[in-house]
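The values are calculated or read from the model by the stated rules, or taken from the named source; none is laboratory data. These figures come from a predicted structure and were not determined experimentally. As a convention, Cβ positions derive from the backbone with ideal geometry for all residues, glycine included, and neighbour counts pool all protein chains shown. Heavy atoms of the whole protein, side chains included, go into the accessibility calculation; ligands, DNA and RNA do not. Shrake-Rupley method; radii C 1.70, N 1.55, O 1.52, S 1.80 Å.
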Amino acid sequence: MAAGTRLPSATPVRFVAEDGSRAGRHGAYREPAGERLKEAYRLMVLGRRFDVQATALTKQGRLAVYPSSAGQEACQVAAALALEANDWLFPTYRDSVALVARGLKPGEVLTLLRGDAHCGYNPVETRVAPQCTPLATQTLHAVGLAHAMQRRGEDAVALALIGDGATSEGDFHEALNFAAVFKAPVVFFVQNNRFAISVPFEKQSAAEALAYKGIGYGMRSEQVDGNDAVAVLAVLDDAVQHAREGRGPVLVEAHTYRIDAHTNADDATRYRDADEVAKWREADPLKRLETYLGDVLTEQEIARYREEAEVFAQSVRDTLNAEPELDPLSLFDHVYAEPTRQLQQQRAALEAELEA
């Protein structure tokens, strides 16, 4: 992006072509260091295996539902790596791989999708908000928290992950407007995977790119090849730094694709062509990064990362195969900071029923 402009690049920022060769559409963005890219690759291998395992667990009845992010690993991992420990991540239901890359345990991540509780981890300790199922509501939460951190003088940024469908929601526009007016330290990261369940992008927006939606609010915007891990990490690094330095929010659109169905309950063959899916499989972000790192990534390292991913997948199976120990009274624990009289009465009624 040219200095002093809010306009996104004319074409998506790209460092790596589909075949893994170097591309030249990255402007002034800095390429991340080789060791950091190797870590991104390791986490993408781990994330891909996690995604496959979680999908399999739905077929075994161990998960109620799982929204796959296969094909979006570059976005998921880059979102986690671009943040510091004190920053906040606001994920959606499709961003489980980002949480794994952030360091959360699989049992904690999959608690929501198993149906055990609304959230399986402590947001304050992990600096990760609960995974959000309603579209775009977490953008308002991210902006509110970012503005609060700003007022307290904290050196921290909030990054909100959203899909292309969420940009059609009113909450998205309210969040952008507030963030831009108050220069909240927040990054809106749109993973445009071309479909809002069965609705294609062309029927969601007439904009040339979703990145342009930020311009109307006076917000810096950018678009990036979402299957190019080098480019996504470079752009998010820059966006997070921009927000951290107090220069206002940033909207980043990543052009990617949802390889699998919306969830395990969806039949994607009813609304998209197999040839289209095959084309995007060829743009696999994992294969692309592996080829690009050919000079610095050894066969031994690749084998080790895959072995680590298999061990991790086994831990996911072991965790999900164990029957959860649930306390029905925990339903009342996180409703209000101070329980209301009505809530206390409801809790007492349930407790009495359980003891009967």
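Could you tell me what fraction of 2.2 N^0.38 Å the Cα radius of gyration of region 110-252 comes to, as a two-decimal ratio?
Dividing the Cα radius of gyration by 2.2 N^0.38 Å gives 1.04.
Roughly how much of MET44 is accessible, in Å² to the nearest 10, using a 1.4 Å probe?
Accessible area, nearest 10 Å²: 0 Å².
Given +1 on the Cβ of Lys and Arg, -1 on the Cβ of Asp and Glu, and no further charges, what dipole in debye does region 267-353 carry about its Cα centre, rounded to the nearest 20?
320
Return the calculated 222 nm mean residue ellipticity for the chain, to the nearest 500 deg cm²/dmol, obtained by summing -39500 (n - 2.57) across DSSP H runs with n ≥ 4 and dividing by the residue count.
The helix-only estimate for the chain comes to -13500 deg cm²/dmol at 222 nm.
Averaged over all directions, how much area does the convex hull of the C-alpha atoms of region 246-344 cover when projected, in nm²?
14.4
Among VAL316, LEU329, GLN345, whose Cα projects farthest towards the positive end of the dipole of region 294-355, with charges put on the beta-carbon of Lys, Arg (+1) and Asp, Glu (-1)?
It is GLN345, whose Cα lies furthest towards the positive end.
How large is ³J(HN,Hα) for each residue in region 6-16, as worked out from phi by the Karplus curve 6.51 cos²θ - 1.76 cosθ + 1.60 (θ = phi - 60°), to whole Hz, x for Gly and Pro?
Each residue's phi maps through the Karplus curve to give 9, 5, x, 4, 4, 10, x, 4, 8, 9, 10 Hz.
Along the charge dipole of region 34-84, pointing to its positive end and built from +1/-1 on Cβ of Lys, Arg, Asp and Glu, which listed residue (VAL77, GLN53, GLY34) has its Cα farthest out?
My answer, from the dipole projection, is GLN53.
Would you mind telling me the antiparallel percentage of the DSSP bridges in the chain, rounded to 5?
About 15 percent, rounded to the nearest 5.
Along each of its three principal axes, how wide is the spread of alpha-carbon positions in region 51-182, in whole angstrom units, largest first?
Dimensions of region 51-182 along the principal axes of its Cα atoms: 48, 31, 28 Å.
Alpha carbon centre of region 236-263 versus region 266-327: separation in Å?
Distance between centres, Cα-based: 21 Å.
Starting at the first residue of region 243-249, write each ³J(HN,Hα) from the Karplus equation 6.51 cos²θ - 1.76 cosθ + 1.60 with θ = phi - 60°, in whole Hz, x for Gly and Pro.
Working through the residues one at a time gives 5, 5, 7, x, 9, x, x Hz.
Taking LYS38 as the anchor, which lysines have their alpha carbon closer than 17 Å to its alpha carbon, excluding any fewer than eight residues away along the same chain?
LYS287
How much of the DSSP beta bridge set in region 117-237 is antiparallel, as a percent to the nearest 5?
Bridges in region 117-237 are about 25 percent antiparallel.
Please list, short to long, the whole-number percent of alpha-carbon pairs of region 183-310 in consecutive 5 angstrom bins beginning at zero.
Pairs per bin, as whole percents: 2, 9, 15, 16, 16, 16, 13, 9, 4, 0.
Rounded, prolate or oblate, given the Cα gyration tensor of region 93-167, with a/c below 1.5 counting as rounded?
Since a/c reaches 1.5 but b/c is at least a/b, the shape of region 93-167 is classed as oblate.
Average projected area of the Cα convex hull of the chain, in nm²?
Taking a quarter of the hull surface, the average projection is 19.4 nm².
Convert each backbone phi in region 229-235 into a coupling constant with the Karplus relation 6.51 cos²θ - 1.76 cosθ + 1.60 (shift: θ = phi - 60°), then list the ³J(HN,Hα) values in order as whole Hz, x for Gly and Pro.
Taking θ as phi minus 60°, the curve returns 4, 5, 5, 4, 5, 5, 5 Hz for region 229-235.
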